[in-house]
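Peer 1: Can you keep this structure in mind? I'll have questions shortly.
What follows draws every value from the coordinates through simple rules; no lab data is involved. Note that the structure is a prediction, hence the values are computed from the model and not measured. Note that we place each Cβ from the backbone using ideal geometry, even for glycine, and neighbour counts take in every protein chain shown.
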């Protein structure tokens with residue numbers, strides 16, 4: 001049974017943009033889509049909100065109107081709607097266990113401040129079992145004042161061993177589904193005295209220097225994926241600098257940016273399925289400052 005593309009809907013403009021992006025992605029990948037609006041009533045004191053039944057009906061109407069709009073725009077979409085009586089984070093995390101990806105919205109902000117990630121988005125990003133794609137409201141194509149060429153998937157490839165395979169797999173699959181070029185980005189920096197290793201420097205010297213060694217490692221790591229996806233054009237981008245800066249400057253033509261999140265079982269507070277809610281600095285930077293959707297993919 002195919003795994004669905006799950007989109008979380010909360011009634012905001014950003015969540016509607018995310019649902020639209022998810023619908024197009026489901027069609028591109030020939031997958032079903034599940035539109036989820038988690039709903040639970042919490043009375044306040046003093047009561048300043050409508051009663052439980054009124055809120056429930058408003059939520060139901062919003063969800064089904066959104067679904068009707070998607071079906072009107074995308075008649076071939078295999079769409080299911082769900083309104084679980086549970087907190088949003090718990091509902092989305094549960095569904096992420098069986099989803100191809102989970103898609104959420106993030107509110108746009110100024111170029112200086114980046115984008116606003118709500119508490120739900122942050123918790124799902126840090127704990128979801130599968131890839132989570134964050135889409136900002138400006139990614140609704142009808143609202144874009146100018147349309148730039150976006151023909152690349154930009155993937156930050158820090159982990160080149162087998163543990164980083166989920167990032168490779170998601171990036172190549174998206175590029176193949178959309179007929180896009182894959183820009184495989186690897187940033188490197190000069191070793192400090194604290195992580196200097198004679199053995200590592202010997203390998204670098206044998207490769208013609210540190211940069212040449214980094215290029216060789218990336219090329220070798222990409223080889224099996226090139227064979228698996230021969231239709232995907234790959235650009236190998238190796239550059240000295242901070243990883244987040246290199247990724248963001250390389251994203252001028254990005255229709256999607258893909259970054260990894262290390263999954264550490266048992267770390268910190270008790271989490272759903274034992275997963276950490278830790279997001280590294282590269283993921284944080286791209287989520288706040290990339291002007292395209294960002295996919296965060298958990299890996300070992």
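Peer 1: If R0 is 30 Å, what FRET efficiency do you get for residue 300 and residue 119 from their C-beta distance, rounded to 0.05?
Peer 2: Working: r = 26 Å, r/R0 = 0.88.
Calculated value: 0.70.
Peer 1: A further question follows. I want to check the label-to-label distance for residue 3 and residue 80. Put each point 7 Å from Cα in the C-beta direction and report it in nm to one decimal.
Peer 2: For residue 3 paired with residue 80, the spin-label model returns 1.5 nm.
Peer 1: Please give the length that would be gained between residue 181 and residue 61 if that part of the chain were fully extended, namely 0.36 nm times their separation in residues minus their C-alpha to C-alpha distance (nm, one decimal).
Peer 2: Values: separation 120, 0.36 × 120 = 43.20 nm, distance 4.01 nm.
So the chain would gain 39.2 nm between residue 181 and residue 61.
Peer 1: Right, here's the next one. May I ask you to sort 261, 181, 228 by Cβ crowding, counting other Cβ atoms within 10 Å and putting the fewest first? Intermediate values should be presented prior to the final figure.
Peer 2: Numbers: 261 25, 181 16, 228 13.
Arranged by neighbour count, lowest to highest, 261, 181, 228 become 228, 181, 261.
Peer 1: By count of other Cβ within 10 Å, fewest leading, how are 61, 56 ordered? Walk me through the numbers on the way to the answer.
Peer 2: Details: 61 10, 56 16.
Least to most surrounded, the residues fall as 61, 56.
Peer 1: Could you please rank 10, 76, 20, placing first whichever residue has the fewest other Cβ atoms within 10 Å of its Cβ? Kindly include the intermediate steps, with their values, before the conclusion.
Peer 2: Numbers: 10 20, 76 9, 20 23.
Ascending Cβ contact count within 10 Å gives the list 76, 10, 20.
Peer 1: Simple spin-label model, 7 Å along Cα-to-Cβ: residue 233 to residue 253 in nm?
Peer 2: 0.6
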